[in-house]
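*Asks:* Here's a structure for you.
The values are calculated or read from the model by the stated rules, or taken from the named source; none is laboratory data. Keep in mind the model is a prediction, meaning the values are calculated, not measured. Every residue, glycine among them, receives a Cβ derived from its backbone with ideal geometry; neighbour counts consider all protein chains shown. These accessible areas exclude ligands, DNA and RNA; they are computed on the full protein's heavy atoms, side chains included. Shrake-Rupley method; radii C 1.70, N 1.55, O 1.52, S 1.80 Å.
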Amino acid sequence: MKFAHKVFHLEKDTQREDLFISMNSYISQYSQELDTPTISISNDIDIESFYNQYPFVKFDKSGYEFNNEQGWRYGELGIWASNISAYTNFLKSDKDYLILMEDDIEYFPGFFENLVKYMSQIDEDWDLFFYYAPGNTNTGEFYPEEKDVCRSYQDWSCLCYVINRKAAKKVIDDLYDNPISLPIDYYYFRQPDKYICYTV
């Protein structure tokens, strides 16, 4: 099992600098940091710049509806751009799995060992494994008694997840044919027929 990883972080987010450094230092003992950028999108010029680099990607201009508001937040587009860039660079590597993390993540001893343990319990047809499920999610019936993992039941958060090569290619292929109309977490969790996701 060969891992690559990226902790997405923008230098302007100084309040997360310590968490970023700590997580990246820890996970680098087990995985190779992927050479891929954290992309900031804060205006339409940034979007056009990203399109120039990744012409197969298009964001649906109408965006999505949330709390009776329609559209996109620029930060959501930056998250998408950073992940797409990571998938592309991951597929150029020789690694089997890519761990992607946000820079407000904290870890406890055994973080990586447990990650590998949980991944060993996932069915072979998996696409993504989400190593975090928000605590305000209704979990009830989804917990199997004999495993530490199950099909994803949450609706949001990409704090920490693993994607395999098959799924990364599937996403890229999908973006060639379809404009992006959902934030990245909704894109996976609200399309269970398209992406087989597991979580803790």
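*Asks:* Using only alpha carbon positions, build the gyration tensor of the stretch 101-200, then give the equivalent ellipsoid semi-axes as the square roots of 5 times its eigenvalues, largest first, whole angstrom.
*Replies:* Numbers: eigenvalues 99, 46, 44 Å².
They are 22, 15, 15 Å, listed largest first.
*Asks:* Using a Förster distance of 30 angstrom, determine the FRET efficiency expected from the C-beta separation of GLU69 and ASP155, and round it to 0.05.
*Replies:* Working: r = 17 Å, r/R0 = 0.58.
The calculated FRET efficiency here is 0.95.
*Asks:* Please report the carbon-and-sulfur percent of the accessible area for the stretch 1-74; probe 1.4 Å, protein heavy atoms only, DNA, RNA and ligands left out. Don't skip to the answer; put the middle values down first.
*Replies:* Values: 2200 of 4830 Å².
In the stretch 1-74, the share of accessible area belonging to carbon and sulfur is 46 percent.
*Asks:* A follow-up question, please. Where only protein heavy atoms count, and the probe is 1.4 Å, what is the accessible area per residue for the stretch 33-146 in Å²? All intermediate terms of the calculation are to be shown ahead of the outcome.
*Replies:* Values: 6480 Å² over 114 residues.
Computed with neighbouring chains in place, this is 57 Å² per residue.
*Asks:* Still on this structure, please answer the following. Within the chain, what is the longest stretch that has no GluC sites (Glu not before Pro) placed in a DSSP loop and near at most 16 other beta-carbon atoms within 10 Å? Show your work: numbers first, answer last.
*Replies:* Values: sites that count: GLU11, GLU106, GLU124, GLU145, GLU146.
Between exposed loop sites, the widest span is 12-105.
*Asks:* What number, in percent, do you get for the relative contact order of the stretch 1-160 if the mean sequence gap of Cα pairs under 8 Å and at least 6 apart is divided by its residue count? If you can, show how the numbers build up before the last one.
*Replies:* Working: 174 pairs, mean separation 47.3, N = 160.
The value is 30 percent.
*Asks:* Moving on to the next point. Which trypsin sites (Lys or Arg not before Pro) from the stretch 1-73 combine a DSSP loop assignment with at most 16 other Cβ atoms within 10 Å? Before the final figure, lay out each step's value.
*Replies:* Details: sites: LYS2, LYS6, LYS12, ARG16, LYS58, LYS61, ARG73; in loops: LYS2, LYS12, LYS58, LYS61, ARG73.
Sites meeting the loop and neighbour criteria: LYS2, LYS12, LYS58, LYS61, ARG73.
*Asks:* Want the number for ILE172 to SER42: 0.36 nm per residue separation, take away the alpha-carbon distance, what's left? Display every interim value, and only then the final one.
*Replies:* Numbers: separation 130, 0.36 × 130 = 46.80 nm, distance 2.33 nm.
My answer for the length gained is 44.5 nm.
*Asks:* At 222 nm, what helix-only mean residue ellipticity would the chain give, in deg cm²/dmol to the nearest 500, using -39500 (n - 2.57) for each DSSP H run of four or more?
*Replies:* Computed ellipticity for the chain at 222 nm equals -10000 deg cm²/dmol.
*Asks:* Ok, one more. So how compact is the stretch 19-106: Cα radius of gyration and Dmax in angstrom?
*Replies:* Spelled out, the Cα radius of gyration and Dmax of the stretch 19-106 are 15.2, 45 Å.
*Asks:* Let me ask something else. Magnitude of the Cβ-charge dipole of the chain, K/R +1 and D/E -1, about the Cα centre, nearest 20 debye?
*Replies:* Working: 18 positive and 34 negative charges, 97 e Å.
Dipole size: approximately 460 debye.
*Asks:* Sticking with this one: Only residues of the stretch 104-132 count here: report those whose backbone N is under 20 Å from the spot 7 Å along Cα→Cβ of SER22, or say none.
*Replies:* Residues 104-115, 131-132 fall inside that zone.
*Asks:* Okay, next question. Full extension from GLN121 to TYR51: what is 0.36 nm times the residue separation minus their Cα-Cα distance, to one decimal in nm? The partial results should precede the final answer.
*Replies:* Numbers: separation 70, 0.36 × 70 = 25.20 nm, distance 3.82 nm.
Extra length available between GLN121 and TYR51 comes to 21.4 nm.
*Asks:* Between THR88 and ASP148, 0.36 nm times their residue separation minus their Cα-Cα distance comes to what?
*Replies:* 18.6 nm
*Asks:* I'm checking a number: the convex hull volume of the Cα atoms of the chain, normalised per residue, in Å³. What is it?
*Replies:* 136
*Asks:* Over the chain, with a Gaussian network built from C-alpha contacts below 10 Å, which listed residue (THR88, THR38, THR14) shows the highest mean-square fluctuation?
*Replies:* Among THR88, THR38, THR14, the largest GNM mean-square fluctuation belongs to THR14.
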